[in-house]
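Quick notes on the structure that follows.
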Amino acid sequence: METVPFWFACAGLLAFLVSVTLRTMMWLRMPIHVRWELYPVAHEGKRASYGGSYLEESEWWKKPREFSIWGEIRVMVPEILFLVALREHNRKLWYRSFPFHFGLYLITAGTVLMGGFALMGSQWESAEGFAGVLRMGIIVFGLAGLVLGLLGAAGLLHRRMTAPELKDFSAPADLFNLAVFVAVFSVALSGIVLLGVVEFFASLTGLIGQIVKLPFGHAEAQVPGIVGLSVVLMSLLLAYIPLTHMSHFIGKYFAYHSVRWNDAPNLKGSKQEKVIQEALGQPVSWSASHIAGDGKKNWVDVATTMPGEIKDR
Amino acid sequence: MFADFSRGDDCLFEINQKDQQPLPPPFDDIDEEPLFRRLTEEAKKKYVLLDDTIAVNIPKPETQEEEAQLVNSFLSGLRRLVSREDNWTFLEPLMISLEHCAKCQTCSEGCHIYEESGRHPYYRPSYRSEILRRIYFKYLKNSSTWVHGDIELNWKTVARLIELSYRCNLCRRCAQSCPIGVDNALLAREIRKVASQEMGIVPKELHDSGSMLQLKVGSSTGMNAIVARDNVEFIDEDTTDRTGIAVETPWDKEGADILLIHNAGEIMAWPENPGGFALLFSAAGLSWTMSSDLAAYDGINYGVWYDDFQFARTALLHLEAARKLKVKKIVIGECGHAHKALSVIADKVVTGDLNIPRESGINVLRDIVREGRVKFDKSRNDFPVTLHDPCNLVRLMGIVSPQREIIEAIVPKERFREMEPHGVENYCCGGGSGFAIMSGHNFAHWRHHVSGRRKLRQVLEAFQGEVMDMEHPKYVCAPCSNCKGQLRDIIAYYDAWERAGIYYGGLVELMVNAMVDAQPGYIDWEWH
Ligand code: SF4
Ligand code: SF4
């Protein structure tokens, strides 16, 4: 019975990793698509500041393309950490969404620190030096993360239930998901209130330590009931997130890198040309009369003829 | 509001002018604005109704079979839309946008149609997307409505959704503000694709008298090659008369460096634009030609707004003409959607020797200025000028600075003022995605009162502080044929030339007007 939280945590983490991997692979396996970039494109170097592109260059195809990875990082990091687009365009929601997301990041960071602390082999009570800093980090990140997460989730839930433009568009699951976050964070915070913040994170660190050491030994984690309950709930949540639209943290990467910022030109003789040729060889079955796809004609056939009206050109 | 969408026979809502924000002076009295013309009773009886206007003309089904046909063909189109073979062109962006909306409504604040309608909830960018999303999850994926929300799918839902996909300019301003990267414009276009590619439902201006006419005759204007050449010859003569410089457009010149493709609407409606190009290209000593091959003298490609196959067919004709003439590159005249179609979207559709480089005409004009190949005298453009950024050219292609560099060289600094916002954050003219050429029923009124209102507001704001009358002419520079069409219509509708001295035109006109070697007065300030 004592090891239930431990196994839940292992299973939750595993389920999360498997789902995230599968979902990432799904996006990676998507066929090539036509260009649909949207400016500003962050890797355009100096031009990115006003939204310009290499297409502003005369005879751009004869010149080397500037690709600033630093430009991407400069946009991506603040976007991920501070939700810049939301802050700029929807401040009311940002006040709720930012603490929610930042809380999640802090909880994740705190958990990583717990793993690191355990791997160092330090004892919670006697940790000194770097281990002492980690211990402090665990407490601060963990506590701040839970508080911010709870405030954000509750704020989002309240707004979603009251603002007509959000309420009208919400499915029951959207409310349920936020309510689950509120519940899970509340349970964890009540654990902190009941046990004291140090004791709570000490036992949690012990349990996380068992997980990271799992490849090297067996599990013996025993934690107080309230910590166990928090761990079970968090683990269920972890497994659940990628199954919902909250997997947008994966989709967003592809939205930016594969669509918005994907301005790679198809140069003559490039690898891309081969992929495009294959795509153009696929069958078409759209059935409007000006296409008359029959599942046999391919894209090239359809694009170079007009059923009945214009003969083969 | 999702349940209502599938119910009732009437319009779901009407535009109430009282809900709209007044325009800046001298149009700030909303009671003095022209009245929005309502749909006729006859139209209301005959066609599927969504709001106060009709773009697509879907007849109300008369039998249950017809009703079922609408639903079934929509669903079969939706199946093809999510298939790797039938929709490889857009599958990934489509699925990202279908699966990841957080329903936060941030996109609404970016949309001029939503805002200028008086913030009508049915015009939220995410509303039509959410209907499509709910249909997809409920009827294709059999997912729980508890998770994805409910929608009833009947012929009204289908027909209204198609109609609603034509209440979006596809300007993608909303996509810029989405914190996740969801693209409601893309979803609107995908709905249009299902309607066209599977159901054969498209506004006739875009298909029958648009892309089809271009593929059959050579141009959506109806001009065949002989007529186009005659007209251009006439334009050359006129340009020669007006500027005092002999101009002759070369046709079908094999081995020229440049194949220049205009939107043929310019030849018909704004001849001073192709005339200006011919003059500047010749004066700069460029090696160039136009082509009289099928569709190659008309750069329009309406497929970008509704149909991937019509798009590909047209783009291939353009490229084929360039291959035949063995030119080094295609240069695209002042037409935003032609730019995006041929430069960006066609990029992933052509291979081998059809993969001929394409470049913006604005770059070429910028190089003419930069290299000093033609001399300009700014003082000839001594009037207030503002610049409209066509979405296709700017937000969707990143061509932002060349037009500004040109303006800096040909307009006195103190006479130029940017619209706010501008560049990649610009607002659509209101004619985007085909609207500029659509005027059935009272659709033009909808364009003027709703989709084009933000641009008129921006133009008026840009010129505040100037004397607003015809004696003090002001120039809205719009380097795009469709945008010019929309600006022409809205300026005429609000009488903004007579009441505020607001005139419009392209970029080359402004250049030729400042050309030292040309006789002054290329811009004639005559309302045509
Ligand atoms: S499209 Fe983007 S901005 Fe609009 S509601 Fe969805 S997530 Fe929010
Ligand atoms: S693409 Fe433009 S017109 Fe369409 S919903 Fe978005 S902002 Fe509005």
Revision key, fill the gap. So for segment B:4-198, using the alpha carbon gyration tensor with a ≥ b ≥ c as root eigenvalues (a/c under 1.5 gives rounded; past that, a/b versus b/c decides prolate or oblate), I'd call it oblate
Review point. What is the helix-to-structure angle for B:453-462, meaning the angle in degrees between its Cα long axis and the longest Cα principal axis of chain B, kept from 0 to 90 and rounded to the nearest 10?
Key: 40
**Study point:** Label-point separation in nm, residue B:238 to residue B:143, each point 7 Å along Cα→Cβ
**Key:** 5.5
Study note, to complete from the structure: Percent relative contact order for chain A, counting Cα pairs under 8 Å at least six residues apart, stands at 25
Review point. Counting partner chain Cβ atoms within 10 Å of every residue's Cβ in A:169-182, what's the average?
Key: 3
Review point. Given a Förster radius of 22 Å and the C-beta distance between residue B:42 and residue B:10 as r, what FRET efficiency does 1/(1 + (r/R0)^6) yield to the nearest 0.05?
Key: 0.90
Check your understanding: Cα axis of helix A:4-28 to longest principal axis of chain A: angle in degrees, 0 to 90, nearest 10?
Key -> 10
Check your understanding: Which GluC sites (Glu not before Pro) from segment B:229-275 combine a DSSP loop assignment with at most 16 other Cβ atoms within 10 Å?
Key -> B:248, B:254
Point to revise | Dipole axis of segment B:375-513 (+1 Lys, Arg; -1 Asp, Glu on Cβ), positive-most option in B:385, B:428, B:497 | key: B:428
Point to revise | Within segment B:121-191, GluC sites (Glu not before Pro) in DSSP loop having at most 15 other beta-carbon neighbours inside 10 Å | key: B:152
Study note, to complete from the structure: HN-Hα couplings for segment B:328-341 via Karplus (6.51, -1.76, 1.60; θ = phi - 60°), in whole Hz with x for Gly/Pro, come out as 7, 7, 9, 10, 9, x, 7, 8, x, 6, 5, 4, 5, 4
Study note, to complete from the structure: Answer in debye to the nearest 20: the dipole magnitude of chain B about its Cα centre, from +1 Lys/Arg and -1 Asp/Glu charges placed on Cβ, is 1640
Revision key, fill the gap. From the Cα centre of segment B:433-500 to that of segment B:13-46, the distance in Å is 16
**Study point:** Ranked list, fewest to most other Cβ atoms within 10 Å of each Cβ, for B:339, B:120
**Key:** B:120, B:339
Practice item. Take chain A, connect every pair of alpha-carbon atoms lying under 10 Å apart with a spring to form a Gaussian network, then pick out the residue of A:184, A:18, A:147 with the largest mean-square fluctuation. Key: A:18
Exercise for review: Check the straight Cα-Cα distances from residue A:274 and name the lysines below 18 Å, setting aside those fewer than 8 residues away within the same chain.
Suggested key: B:348
Practice item. From other protein chains only, count the Cβ atoms within 10 Å of every residue's Cβ in B:146-154, then give the mean. Key: 3
Exercise for review: Considering only A:123, A:282, A:210, give the residue with the highest GNM mean-square fluctuation for chain A, with springs between Cα atoms whenever their separation is below 10 Å.
Suggested key: A:282
Check your understanding: In degrees between 0 and 90, to the nearest 10, how far off the longest principal axis of chain A does helix A:271-280 point, with axes built from Cα atoms?
Key -> 70
Review point. What percent do you get for the relative contact order of chain B when only Cα pairs under 8 Å and 6+ apart count?
Key: 15
Check your understanding: Taking Cα centroids, how far is segment A:64-111 from segment A:28-45 in Å?
Key -> 19
Practice item. Please list the non-local residues whose amide H lies under 5 Å from the amide H of residue B:288, H modeled 1.01 Å from N, same-chain partners needing a gap of 5 or more. Key: B:257, B:258
Point to revise | Listed residue pairs exceeding 30 Å between alpha carbons, taken from A:252/B:204; B:340/B:455; A:63/B:193; B:103/B:484; A:252/B:193 | key: A:252/B:204; A:63/B:193; B:103/B:484
Check your understanding: What relative contact order, as a whole-number percentage, does segment B:63-169 give when Cα pairs under 8 Å and 6 or more residues apart are counted?
Key -> 28
Point to revise | Size of charge dipole - chain A - debye, nearest 20, with Cβ of Lys, Arg +1 and Asp, Glu -1, no other charges | key: 560
Check your understanding: Along the positive direction of the dipole of the protein assembly as shown (beta-carbon charges: Lys, Arg +1; Asp, Glu -1; about the Cα centre), which of A:194, A:32, B:200 reaches farthest?
Key -> A:194
**Study point:** Phi-based couplings in Hz for segment A:54-66 (Karplus 6.51, -1.76, 1.60; Gly and Pro marked x)
**Key:** 5, 5, 6, 7, 6, 6, 4, 5, 9, 10, x, 8, 7
Point to revise | Per-residue [θ]222 nm for chain B (sum of -39500 (n - 2.57) over DSSP H runs n ≥ 4, rounded to 500) | key: -11000 deg cm²/dmol
Revision key, fill the gap. Partner aspartates and glutamates whose C-alpha sits under 18 Å from that of residue A:62, ignoring same-chain residues fewer than 8 away, are A:44, A:263, A:273, B:257, B:347, B:353, B:359, B:367
Check your understanding: Setting aside same-chain residues fewer than 8 positions from residue B:375, which aspartates and glutamates have a Cα under 12 Å from its Cα?
Key -> B:517
Review point. Rounded, prolate or oblate: which fits segment A:44-167, taking a ≥ b ≥ c as square roots of the Cα gyration tensor eigenvalues, rounded meaning a/c under 1.5, else prolate when a/b beats b/c?
Key: oblate
Practice item. Can you bin segment A:15-84 into rounded, prolate or oblate? Criterion: square roots of the alpha carbon gyration tensor eigenvalues sorted a ≥ b ≥ c, rounded for a/c under 1.5, prolate for a/b above b/c, oblate for the rest. Key: oblate
Check your understanding: Which order results if A:25, B:511 are arranged by neighbouring Cβ count within 10 Å, fewest first?
Key -> A:25, B:511
Review point. Sorted by packing (mean other beta-carbon atoms within 10 Å per residue), highest first, where do B:29-35, A:233-239 land?
Key: A:233-239, B:29-35
Review point. About the Cα centre of segment B:375-513, what is the dipole size in debye to 20, counting +1 per Lys and Arg Cβ and -1 per Asp and Glu Cβ, all else neutral?
Key: 300
Revision key, fill the gap. Within 10 Å of the Cβ of an average residue in A:94-101, the count of other chain Cβ atoms is 1
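Bear in mind these aren't lab numbers, they're just calculated from the coordinates by the rules spelled out. Because the structure is predicted, anything quoted here is derived from the model rather than measured. Here the Cβ is made from the backbone with ideal geometry for all residues, glycine too, and neighbour counts use every protein chain on show.
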